[in-house]
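Novice: Submitted below is the structure of interest, expressed as structure tokens.
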Amino acid sequence: MASSAMAGLSAEMARTARAAAWLGLAGALGPFALVMLTVQFYALVVPTGSLSTAAGLSAGFAVVAVAVVGLGQIRERLLLAGSERLVRRLTARALPAATARAALPAMATDQALRDIETVRRGVAGPLSAVALDAALVPALLALLAVFHWAFALFAVVAAALALLLGLAAERATRAALVDANNASAQGARLVADAARCAEAVEAMGMLPALVSRWAGAMARGATGLRRAQGTARLAQSATATLYGVAQGGAITVGVIVLAGGSTIGYGILAGMLLTARVMDPFSRIGGQFEDAAAARAAWRRLDLLLTADETGPAAATRAFPCPDGRLLVERVTLVFPGAARPLLRDVNLVMGPGDVVALAGPPGTGKSSLLRVVLGIQPCNAGEVFLDGHATAQWDRADLARHMGYLPQEPLLPEATVAESIARLDTAPDMAAVIAAARLAGAIDMIVGLPNGFATRIGGRMALSMGQRQRIALARAVYGTPRLVLLDEPAAYLDAEGEAAVMAMILALSAAGTGVIFTSHREGLLRAAARVMTLHEGRLEDAGERRRLLSAPRAPRTLPQPARRLPAPVAA
């Protein structure tokens, strides 16, 4: 049973397809109308020399020609608008469903986006054009049958031959391309092996043999590519020949019918023109089977996702007050599917306003996963996370985001202005809050130095370094009045000066009553934490070096003390 959302989208797509089909039918009859006008020109103008008749027929010819082109453009724009509308609605429904229902929201969201793109290509790409042209075939056959049933029968035979030829050509071309790609991949692997083992290759005299193998692989690839190109050219020639034979066959059918005493009118012209239109989608359908299967599978996955979202119990979420930002992580356990043991095991953590906790230790121990659990974007198998006494799992995501800031390990930024990125994609950002966040993150001087300052658009020609991106992402994390800030390797792409700025930011947040949890391998940055903890076999423990780290000289606290509250929040 299809979900209600997908059923509604299917109905809307069907309406768009019907409109596009009618436009295609009108466009298909256009060439026939042009030929008819040409025939009338020779029948009415040449014998009489009437200039008024010639002008009228010329005007009609121009109108029909413009209409044929216009109908094609309208159909293309209709399909494009339909695909864009479909993508918007699918994205609005599928992404929240993937995030809310999946055990791994990031992976589920990525799969949903890939499925939406596959469906979009199916609606707006060649597959849709072939399907719509194929849908016109019954109407074209009916029109041919009006002149004589023999024209319709001949068109069916010609379409069947075009289908067989298209399938054979696609299969032969695909096999040759697969061989060529495999050979090219083998050659690339040989080059990579030579680069990786250069010393051994040179020392043991293996270079001539390696070059010989590489040349053989390249030769096989070139042979496969030539075979694929030759097959494609042969298929094109065979298709063109088949179209010529079909047009000649339509004339032959017309002559036979006339010889039998039947009156067919302009049936021969209709047979020549419309038989080609009947054949066209079948000659192109061979290369669309794979895309059709991919689009159908993607649609089914999205349908299952939305059906589960509609039939499953709705998450009871609401907004809660967050005056202090007190965090309680209670017996959290996280086990990924297929893992031999839990990544997090009975993790407990208590933090008050202004507390700073550092998570140290080697990669792969679960530090980033613990941050995502606290943030609420990674569901846990057992346990609960509370912020000011309210379970984050029951918290409205948009409202919870106002109270928490987050810096992921990879500081990825969307395509937007610097100000919009800091303001979490608010198209009308509060510049006072944006500047305060940039100053707190130590990014103000860097941003002012950009070509257009805060109005500089990220992406396109403006390529920022990883350090610049991290500073902007840090400002985004502390934008507004977050009560808890989570930072995953906040100085990973920064130099010593940047590390000092991060330490100053953490101390300023703590002084303002904002709790901070951060991961880091830098001993200097760990000095900003009141508690340094590690994850050992999934359990959160005090670090073995905690006393030494805490007894080391700390960064001076003679910093300008910010107000208790950061600038007022701006709705995302």
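The values are calculated or read from the model by the stated rules, or taken from the named source; none is laboratory data. If you're wondering where the values come from, they're calculated on a predicted model, not measured in any experiment. Methodologically, a virtual Cβ is constructed for each residue, glycine included, from the backbone with ideal geometry; neighbour enumeration extends over all protein chains shown.
Novice: Looking at (1) farther than 20 Å from residue 167 by Cβ; (2) at pLDDT 80 or above; (3) of a type in the set (Ser, Thr, Tyr), which one does residue 241 not meet, given that it meets all the others?
Specialist: (1) is the only condition that residue 241 fails.
Novice: Hey, does the range 328-335 have a residue that's outside any strand (DSSP E or B) and touching a helix residue (DSSP H, G or I) at 6+ places or on another chain (Cβ under 8 Å)?
Specialist: Looking for residues that are outside any strand (DSSP E or B) and touching a helix residue (DSSP H, G or I) at 6+ places or on another chain (Cβ under 8 Å), one finds none in the range 328-335, hence no.
Novice: Could you figure out which of (1) in contact (Cβ under 8 Å) with a residue 60 or more places away in the chain; (2) loosely packed, with under 14 Cβ neighbours inside 10 Å; (3) within 30 Å of residue 303 (Cα to Cα) isn't true of residue 39?
Specialist: Here residue 39 clears every test but (3).
Novice: Related question: Looking at 400, 425, 371 in this structure, which one is under 27 Å from the mean Cα position of the chain (by Cα) and more than 26 Å from residue 327 (Cα to Cα)?
Specialist: Within the list 400, 425, 371, the selection yields 425.
Novice: A further question on this structure: Since residue 11 meets every condition but one in (1) farther than 30 Å from residue 304 by Cα; (2) surrounded by fewer than 14 Cβ atoms within 10 Å (Cβ to Cβ); (3) of a type in the set (A, V, I, L, M, F, W, C), which condition does it not meet?
Specialist: Only one criterion in (1) farther than 30 Å from residue 304 by Cα; (2) surrounded by fewer than 14 Cβ atoms within 10 Å (Cβ to Cβ); (3) of a type in the set (A, V, I, L, M, F, W, C) is unmet by residue 11, namely (1).
Novice: Only one of these is at pLDDT 90 or above and more than 38 Å from the chain's Cα centre (by Cα): 510, 551. Name it.
Specialist: 510
Novice: Only residues in the range 274-293 that are at pLDDT 75 or above count as the first member; pair them with residues that are among the polar types (S, T, N, Q), Cβ under 8 angstrom, at least 6 apart or cross-chain, and list the lot.
Specialist: Correct list of pairs: 275/247; 276/247; 283/239.
Novice: Counting residues that are modelled with pLDDT under 70 and surrounded by fewer than 18 Cβ atoms within 10 Å (Cβ to Cβ), which helices (runs of 4 or more DSSP H) fully inside the range 89-184 reach at least 1?
Specialist: 105-124
Novice: Follow-up question, since we're still on this one. Show the residue pairs meeting these rules: Cβ distance below 9 Å; 6+ apart or different chains; first residue within the range 152-174 and more than 21 Å from residue 249 (Cβ to Cβ) and of a type in the set (Gly, Ala, Ser); second residue surrounded by 20 or more Cβ atoms within 10 Å (Cβ to Cβ) and modelled with pLDDT under 85.
Specialist: 172/228; 172/231
Novice: When you scan the range 344-363, how many residues do you find that are in a loop (DSSP other than H, G, I, E, B), surrounded by fewer than 21 Cβ atoms within 10 Å (Cβ to Cβ) and modelled with pLDDT of 90 or more?
Specialist: 3
Novice: I would also like to ask the following. Within the range 405-429, work out how many residues are touching a strand residue (DSSP E or B) at 6+ places or on another chain (Cβ under 6 Å), surrounded by 23 or more Cβ atoms within 10 Å (Cβ to Cβ) and not small (Gly, Ala, Ser).
Specialist: Qualifying residue count for the region: 1.
Novice: Here is a follow-up. Can you pull out the residues in the range 385-404 that are in contact with a Lys or Arg (Cβ under 8 Å, 6 or more places away or on another chain), under 30 Å from residue 464 (Cα atoms) and surrounded by fewer than 18 Cβ atoms within 10 Å (Cβ to Cβ)?
Specialist: none
Novice: Let me ask you something else. Which of (1) within 27 Å of residue 297 (Cα to Cα); (2) at pLDDT below 75; (3) not hydroxyl-bearing (Ser, Thr, Tyr) is the odd one out, the single condition residue 208 does not satisfy?
Specialist: Of the numbered conditions (1) within 27 Å of residue 297 (Cα to Cα); (2) at pLDDT below 75; (3) not hydroxyl-bearing (Ser, Thr, Tyr), the odd one out for residue 208 is (1).
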